[in-house]
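Following: one structure in structure tokens, then a few remarks.
The values are calculated or read from the model by the stated rules, or taken from the named source; none is laboratory data. Small disclaimer: the values here were computed from a predicted structure and weren't measured. In this analysis, Cβ positions are derived from the backbone assuming ideal geometry, glycine residues included, and neighbour counts consider all displayed protein chains.
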Amino acid sequence: MTVVVRPFRVEDAAACGAIVGATPLWADGGLDAARATAMLTTAAAAGDTLLVLDVDGTLTGFAWIDRGGAFGRSAYLRQIAIAPAARSAGLGARLLLAFETVAIMESPYAFLLVSETNHAARRFYERHGYAEVGRIPDYPKPSNLELLYRKVLQPA
């Protein structure tokens, strides 16, 4: 198996959008394939950092990174996704490491949000050294609780 993390290209947008569309968690939040495709295309045009995960020539995941999105000084992982059929194969960890490689260029910290009810994602991030550092109630919709996670990538 050949796994490559590479920069996003505009022609990747539809495949990335399809991964989002196949993820019930995002569908529940109102994010479908078409909207995700448009958002990623806009983000790329605006200069955001997007990475894709290519496995044997098939786009299998992506990460959307806002380099200064955490308090204007640290990288924030806006979105990360692996195609449902490819999950639990270590590919998410590869993509998360690629995010951290970008993040460390901005500051010694990496940040992300995860819904309190997304137990699998919370376990994944905690296994990779992230810790909850804050809570945001009623975001992005009422009765939802988002958890702010941070990882120290190197000592300050």
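Just one of the numbered conditions (1) of a type outside the set (Phe, Trp, Tyr); (2) under 14 Å from the mean Cα position of the chain (by Cα); (3) assigned to a helix (DSSP H, G or I) is not true of Ala85: (2). Filter the stretch 61-83 down to residues that are free of Cβ contacts under 8 Å to residues at least 40 places away in the same chain and β-branched (Val, Ile, Thr) and give me whichever is surrounded by the fewest Cβ atoms within 10 Å (Cβ to Cβ). Here the residue is Ile80.
How many residues does the stretch 95-107 hold that are assigned to a loop (DSSP other than H, G, I, E, B) and either in contact with a strand residue (DSSP E or B) (Cβ under 6 Å, 6 or more places away or on another chain) or among the basic types (Lys, Arg) (or both)? First the steps, then the outcome.
Of the residues in the stretch 95-107, the ones assigned to a loop (DSSP other than H, G, I, E, B) are 104-107.
From the residues that got through so far, the ones that are either in contact with a strand residue (DSSP E or B) (Cβ under 6 Å, 6 or more places away or on another chain) or among the basic types (Lys, Arg) (or both) too are 106-107.
Qualifying residue count, the stretch 95-107: 2.
Taking the criterion of being aliphatic (A, V, I, L, M) and closer than 13 Å to Leu95 by Cα, the residues of the stretch 29-60 that qualify are Leu50, Leu51, Val52, Leu53, Val55, Leu59. The single residue among Val133, Val114 that is surrounded by fewer than 13 Cβ atoms within 10 Å (Cβ to Cβ) and in contact with a Lys or Arg (Cβ under 9 Å, 6 or more places away or on another chain) turns out to be Val133.
Please pick out the residue among Arg123, Arg150, Arg127 that is in contact (Cβ under 8 Å) with a residue 12 or more places away in the chain, surrounded by fewer than 20 Cβ atoms within 10 Å (Cβ to Cβ) and of a type in the set (D, E, K, R).
Values: Arg123 fails: in contact (Cβ under 8 Å) with a residue 12 or more places away in the chain; Arg127 fails: in contact (Cβ under 8 Å) with a residue 12 or more places away in the chain.
Exactly one of Arg123, Arg150, Arg127 is in contact (Cβ under 8 Å) with a residue 12 or more places away in the chain, surrounded by fewer than 20 Cβ atoms within 10 Å (Cβ to Cβ) and of a type in the set (D, E, K, R), namely Arg150.
Would you check if Thr101 is out of contact with any Cys (no Cβ under 7 Å at 6 or more places or on another chain) and surrounded by fewer than 19 Cβ atoms within 10 Å (Cβ to Cβ)? Yes. Inspect all residues belonging to the stretch 120-141 and state whether any of them is at pLDDT below 95, part of a helix (DSSP H, G or I), closer than 17 Å to Thr23 by Cβ and out of contact with any Ser or Thr (no Cβ under 9 Å at 6 or more places or on another chain). Looking through the stretch 120-141, at least one residue is at pLDDT below 95, part of a helix (DSSP H, G or I), closer than 17 Å to Thr23 by Cβ and out of contact with any Ser or Thr (no Cβ under 9 Å at 6 or more places or on another chain).
On the given criteria, is Asp12 of a type outside the set (Lys, Arg) and either at pLDDT 95 or above or touching a strand residue (DSSP E or B) at 6+ places or on another chain (Cβ under 8 Å) (or both)?
Taking the combined requirement at face value, the residue satisfies it.
For the stretch 108-119, the candidate set comprises residues that are part of a loop (DSSP other than H, G, I, E, B) and in contact (Cβ under 8 Å) with a residue 40 or more places away in the chain; within that set, the residue that is nearest to Gly69 (Cα to Cα) is Pro108.
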